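Trainee: Supplied in structure tokens, the structure appears directly below.
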Amino acid sequence: MAYLKSLRINWEQVEDKNTYPFNVPALAKCQTLDFNQNVTFFIGENGSGKSTLLEAIAYQCGFGVGGGDRNYDIGLSDESLSLASILTLAWMPKINKGFFLRAETFFDFAQFLDERAKDPFSGGGMVYNTFGGKSLNEQSHGEAFLSLFTNRFGGKSIFLLDEPEAALSPQRQLAFLRIMHDLEKEGAQFIIATHSPILMAYPGARIYEFDEDGINPIDYETTDHYRLTKSFLSNPERYFRELFD
Ligand SMILES: Nc1ncnc2c1ncn2[C@@H]1O[C@H](COP(=O)(O)OP(=O)(O)OP(=O)(O)O)[C@@H](O)[C@H]1O
Ligand SMILES: [Mg+2]
């Protein structure tokens with residue numbers, strides 16, 4: 001049911017492969033990437049290139065690279081543009097509805113809605129109707145985040161999310177899995193960069209790991225996130241003995 005089926009990076013168009021973002025190892029080894037499932041996770045070490053690729057996809061989808069939808073764009077970096085310019089997305093069918101969200105720009109987005117609500121030409125307080133009826137800034141970060149998903153968007157949409165767990169307690173991450181499940185049933189596709197062992201457990205999802213070998217599928221229970229978290233929680237003292245020695 002995924003709409004965005006695959007992407008291709010057109011390396012022949014790149015003049016200097018030694019500059020960012022083309023020199024990020026995982027990206028440099030990637031020619032094509034398939035999105036066969038409704039839910040895809042990007043995982044990998046800090047700095048492995050997840051956000052860089054997600055932003056380029058967001059740009060190609062027509063979403064603001066600062067985070068937001070088509071009506072909301074806080075500007076985009078030249079770097080994300082340069083990767084986007086050599087990226088081809090394959091759709092079946094092409095859809096326009098959706099959202100790109102960076103956890104760290106979420107408050108900017110809430111601010112933007114407040115501004116819109118003050119503007120009589122944008123329908124005043126009407127702007128909040130689709131976001132749970134009150135300003136996102138009057139709700140806690142996590143509440144606001146969840147209301148964004150429960151009150152907006154149903155049907156055929158694509159959500160690109162960069163570390164949504166940053167806004168969410170473990171309990172709320174479970175609530176978010178439920179929301180994802182509901183939206184998936186209504187026809188949503190998700191591509192999510194995450195470090196959360198809870199989120200990436202989503203049943204039936206494809207997990208892509210970014211590392212020096214490129215971008216490759218990995219099973220949930222093989223990920224460092226799963227193994228390390230499980231092993232740490234079952235015996236933290238063992239880790240501390242080694243870490244603090
Ligand atoms: N504007 C920039 N100029 C040069 N290098 C950059 C720039 N932005 C990011 N990088 C580098 O590109 C690499 C990939 O960064 P990216 O933000 O995509 O990683 P990430 O996988 O999202 O990491 P994290 O999990 O910490 O969010 C990193 O090595 C980073 O230092
Ligand atoms: Mg990132």
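The values are calculated or read from the model by the stated rules, or taken from the named source; none is laboratory data. Since the model is a prediction, treat every value here as computed from it, not as a measurement. Don't worry about glycine lacking a Cβ; one is built from the backbone with ideal geometry, like all the others, and counts go over all protein chains shown. Note: areas computed on protein heavy atoms with side chains; ligands, DNA, RNA excluded. Shrake-Rupley method; radii C 1.70, N 1.55, O 1.52, S 1.80 Å.
Trainee: Compute, for Arg172, the solvent-accessible surface of its heavy atoms (probe 1.4 Å) with the complete set of protein chains present, and express it in square angstrom to the nearest 10.
Mentor: 80
Trainee: Can you give the extra length, in nm with one decimal, that the chain gains between Tyr20 and Gln60 once fully stretched, where that is 0.36 nm per residue apart less the Cα-Cα distance?
Mentor: Numbers: separation 40, 0.36 × 40 = 14.40 nm, distance 1.85 nm.
Additional length available on full extension: 12.5 nm.
Trainee: Something else about it: Taking a probe of 1.4 angstrom, what is the accessible area of Lys230 in Å², to the nearest 10?
Mentor: 120
Trainee: Given the pairs Lys29/Lys185; Lys50/Lys230; Lys5/Lys230; Lys17/Lys185; Lys17/Lys230; Lys50/Lys156, which are separated by over 31 angstrom at their Cα positions? Intermediate results must be reported in sequence, preceding the final value.
Mentor: On the way: Lys29/Lys185 34 Å; Lys50/Lys230 24 Å; Lys5/Lys230 33 Å; Lys17/Lys185 41 Å; Lys17/Lys230 39 Å; Lys50/Lys156 24 Å.
As for pairs spanning more than 31 Å Cα to Cα, those are Lys29/Lys185; Lys5/Lys230; Lys17/Lys185; Lys17/Lys230.
Trainee: As an exercise, use a Förster radius of 35 Å and the Cβ-Cβ distance of Leu174 and Ser6 to find the FRET efficiency, rounded to the nearest 0.05.
Mentor: Working: r = 31 Å, r/R0 = 0.88.
The formula returns an efficiency of 0.70 here.
Trainee: Ordering Ser140, Ser6 from largest to smallest accessible area (1.4 angstrom probe), what's the sequence? Intermediate values should be presented prior to the final figure.
Mentor: Details: Ser140 55, Ser6 30 Å².
Correct descending sequence by accessible area is Ser140, Ser6.
Trainee: I'd like the accessible area for Leu101: 1.4 Å probe, protein heavy atoms, all chains in place, Å² to the nearest 10.
Mentor: 10
Trainee: Another question, then. What order do Asp182, Asp219 take when sorted by accessible area (1.4 Å probe), most exposed first? Can you show the working numbers first?
Mentor: Numbers: Asp182 50, Asp219 110 Å².
Descending accessible area places them as Asp219, Asp182.
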